[in-house]
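Let me begin by presenting the structure, written as structure tokens, before commenting on it.
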Amino acid sequence: MAEQGSIIDLNGKYQSANTLSINTLYRALVYGDCVFEHIRTNASKMLFFGRHIEKLINAMQFMDMGIPKRFSTERQVLKEELTKLLVKNKIFKGGLLTLIVFRTEDALQQSETEYIAYTSPMPEVLFSFNTQGISLGIYTDIPVPQGHIANFNTHAVSIVCNLATQFARQNRTSDALLVNNEGNIVGAAQYGNIFCVKDQVLYTPPFSQGCVDSVMRRHVLDIAAALNIKTDDNAVITADFLKVVDEIFFVSIRHGITWAGALQNRRFYRRTAEMIHQKLNEYYADEF
């Protein structure tokens, strides 16, 4: 969340985070009537800006929200506006910009929306790679809903992720895998979309299974194509399948590539994950 005393952007106007009224975010806080995106930044530049905005527009359309002009006809204005926000908050190296679109307080029967943006510093500019693989459990108490609601960043999925994170803490694992109503694996609570490698083929589940349509998932598939890695992005990932795969890794804007070293009694390699991580950072460095 925005640090105390930092500057936020509320509908194109800058103000101190300390002066933000809770009434402004009433529907987002109480009813979860919002969608959001995290954008990785380097100084005043934003990675995959266009892809993030397109995803937000798709989410707003699904939620029957009005699309602010800043996201459609005035997108360049929005980009310049957010760039200034990064400068105002002195994000001179790595950072994370969070953009939230929410329905207005008195718009229960309407589609009027507002937006808020805030920034947080990141410890590094490039994505770091975990040299020690994370450990995993499988959270099955509450499944991720299948369908479009799970494809976007909404509270519907965040609640399941929060409970799965607590499950991981209680069971002393680094993270927990999420399942859908059919018991198939769709991702991890903290580290994002799941990818598996078996016999040099890269597997990841489709959106219909309930995985998030993340910008990083799309980019990793692009990297795999550039590396001539055979992929299957329509795979059904089951717990039994994970017993025979060679690698498991996860992708997200916040963490980049995170590889798993252990699931129950199974141990995994990291060759493909490390190779894609290297190409991701090369792209990141070139882009900026």
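The values are calculated or read from the model by the stated rules, or taken from the named source; none is laboratory data. Note that the structure is predicted; figures quoted are calculated from it, not measured. Methodologically, a virtual Cβ is constructed for each residue, glycine included, from the backbone with ideal geometry; neighbour enumeration extends over all protein chains shown. Ligands, DNA and RNA are stripped out before the accessible areas are found, and what is left, the full protein with its side chains, is counted by its heavy atoms. Shrake-Rupley method; radii C 1.70, N 1.55, O 1.52, S 1.80 Å.
Restrict the check to the range 103-113 and report whether at least one residue is within 16 Å of Ile39 (Cα to Cα), buried (at least 17 other Cβ atoms within 10 Å of the Cβ) and not basic (Lys, Arg).
No, because not a single residue in the range 103-113 is within 16 Å of Ile39 (Cα to Cα), buried (at least 17 other Cβ atoms within 10 Å of the Cβ) and not basic (Lys, Arg).
Which number in (1) under 19 Å from the mean Cα position of the chain (by Cα); (2) surrounded by fewer than 17 Cβ atoms within 10 Å (Cβ to Cβ) marks the one condition that Thr131 misses?
Status for Thr131: all satisfied but (1).
If I ask for residues that are out of contact with any Leu (no Cβ under 6 Å at 6 or more places or on another chain) and either farther than 20 Å from Thr258 by Cα or not aliphatic (A, V, I, L, M) (or both), which ones from the range 176-191 would you list?
Within the range 176-191, Asn180, Asn181, Glu182, Gly183, Asn184, Gln190, Tyr191 qualify.
Under 8 Å between Cβ atoms, at least 6 apart or on separate chains: pull out the pairs that start in the range 234-253 with a residue that is more than 16 Å from Ala224 (Cα to Cα) and end on any residue that is among the hydrophobic types (A, V, I, L, M, F, W, C) and assigned to a helix (DSSP H, G or I).
So the pair list comes out as Ile253/Val215; Ile253/Met216.
Check Gly192, Gly210 and return the single one that is within 18 Å of Thr238 (Cβ to Cβ) and touching a helix residue (DSSP H, G or I) at 6+ places or on another chain (Cβ under 8 Å).
Criteria check complete, one pass: Gly210.
Within the set of pairs 6+ apart or on separate chains, which have a first residue in the range 199-224 that is open to solvent by less than 20 Å² (accessible area, probe 1.4 Å), a second that is assigned to a strand (DSSP E or B) and of a type in the set (Asp, Glu), and C-beta atoms under 9 Å apart?
Leu202/Asp232; Leu202/Glu247; Thr204/Asp232; Val215/Glu37
Out of the residues in the range 45-102 that are within 21 Å of Tyr284 (Cβ to Cβ), among the β-branched types (Val, Ile, Thr) and within 22 Å of the chain's Cα centre (by Cα), which is most open to solvent (accessible area, probe 1.4 Å)?
Thr83
Looking only at the range 13-30, which residues are surrounded by 14 or more Cβ atoms within 10 Å (Cβ to Cβ) and at pLDDT below 95?
Within the range 13-30, Ala17, Leu20, Thr24, Leu25, Tyr26, Arg27, Ala28, Leu29 qualify.
Can you name every residue in the range 233-258 that is over 18 Å from Gln190 (Cβ atoms) and in contact with a Leu (Cβ under 7 Å, 6 or more places away or on another chain)?
Answer for the range 233-258, where residues must be over 18 Å from Gln190 (Cβ atoms) and in contact with a Leu (Cβ under 7 Å, 6 or more places away or on another chain): just Asp233.
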